[in-house]
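First up is the structure itself, then whatever we jot down about it.
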Amino acid sequence: MEVRAARPEDAPALGRVMVGAWLSAHHGQMPEAAWQKRVEEWTPEVSAQGWARMLSSMAAGDQLRTVLLVAEEEPSDPVGLVLATEDEGDVSGATAQVNALYVLPTDQGRGTGRLLLRTAAAELRRRGFSRLHVGVLTANLPARGFYEAMGGHEVAQRTFDEEGVALPETVYGWSDLTLLAPEA
Ligand SMILES: CC(C)(COP(=O)(O)OP(=O)(O)OC[C@H]1O[C@@H](n2cnc3c(N)ncnc32)[C@H](O)[C@@H]1OP(=O)(O)O)[C@@H](O)C(=O)NCCC(=O)NCCS
């Protein structure tokens, strides 16, 4: 498995991975109506448009503290992604936040999530971050197990606004990014 920076031409694959893994992971972790709304409105093509905008803004040099990586076994066929950027809750600018970490269901449990998180942590260190946060639905027990196995500690409880539905979220933190990425 190789992890590399996402490129503009990855937008369709990012849409496919994000929507496929998201719908599969979060079914049963939120009210059924909220999940169905996503199924109806949030297609891989819609998601790809958002990724295309982000990738073009990154290519223009507008998001220098954002990290967007893909994992792939076959060239140009990503099976996982990680998006991380500044945590705006920390005015010092030292804390990064994982906004998305998704691996296709068929590829989970093979070390890809770990490789994505560790590689993102190294990239974040190079961008001057020293700490990391990630918010995960409290009902998402498998992902919480993953973050705990990766050394994250519960640091806060908050809610995630899923289009007007407030879902409980647990925030995991790493107070020292060198724990995830000894070498940046
Ligand atoms: C969470 C996710 C990113 C983890 O990626 P992954 O490739 O499946 O995980 P890995 O194979 O890299 O696991 C790394 C370690 O985490 C631990 N781990 C993984 N899943 C776990 C679980 N359900 N419970 C406990 N520990 C777990 C294991 O210790 C594993 O180490 P091992 O291989 O030595 O056993 C992936 O499963 C995923 O995309 N899930 C659906 C989407 C999601 O919930 N994303 C997080 C949103 S915040």
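The values are calculated or read from the model by the stated rules, or taken from the named source; none is laboratory data. Computed from a predicted structure; not experimentally measured. Glycine also receives a Cβ, built like all others from the backbone with ideal geometry; neighbour counts cover every protein chain displayed. Surface accessibility is based on the protein's heavy atoms, side chains included, excluding ligands, DNA and RNA. Shrake-Rupley method; radii C 1.70, N 1.55, O 1.52, S 1.80 Å.
For this structure, a couple of remarks:
- Within the stretch 29-52, considering residues that are under 19 Å from residue 102 (Cα atoms) and charged (D, E, K, R), the one most open to solvent (accessible area, probe 1.4 Å): 45
- Among the candidates 79, 46, 67, 91, residue that is farther than 20 Å from residue 120 by Cα, among the β-branched types (Val, Ile, Thr) and in contact (Cβ under 8 Å) with a residue 12 or more places away in the chain: 46
- Residue selected from the stretch 161-179 under the condition assigned to a strand (DSSP E or B) and charged (D, E, K, R), by the criterion nearest to residue 30 (Cα to Cα): 162
- Inter-residue pairs, beta-carbon under 7 Å, first within 7 Å of the ligand (Cβ to nearest atom) and polar (S, T, N, Q) and in the stretch 129-154, second part of a helix (DSSP H, G or I) and open to solvent by 20 Å² or more (accessible area, probe 1.4 Å), 6+ apart: 140/25
- Residue check, residue 42 among the aromatic types (Phe, Trp, Tyr) and within 16 Å of the ligand (Cβ to nearest atom): yes
- Qualifying position, being open to solvent by 10 Å² or more (accessible area, probe 1.4 Å), within 12 Å of the ligand (Cβ to nearest atom) and farther than 19 Å from residue 179 by Cβ, among 77, 107: 107
- For the stretch 139-184, residues that are open to solvent by less than 30 Å² (accessible area, probe 1.4 Å) and among the β-branched types (Val, Ile, Thr) total 2.
- Taking first residues from the stretch 110-126 that are more than 13 Å from residue 100 (Cα to Cα) and partners that are more than 11 Å from the ligand (Cβ to nearest atom) and part of a helix (DSSP H, G or I), the Cβ contacts under 8 Å between residues at least 6 apart in sequence or on separate chains come to 121/177; 124/177; 125/177; 125/178.
- Scanning the stretch 57-67 finds one or more residues that are assigned to a strand (DSSP E or B) and under 23 Å from residue 132 (Cα atoms).
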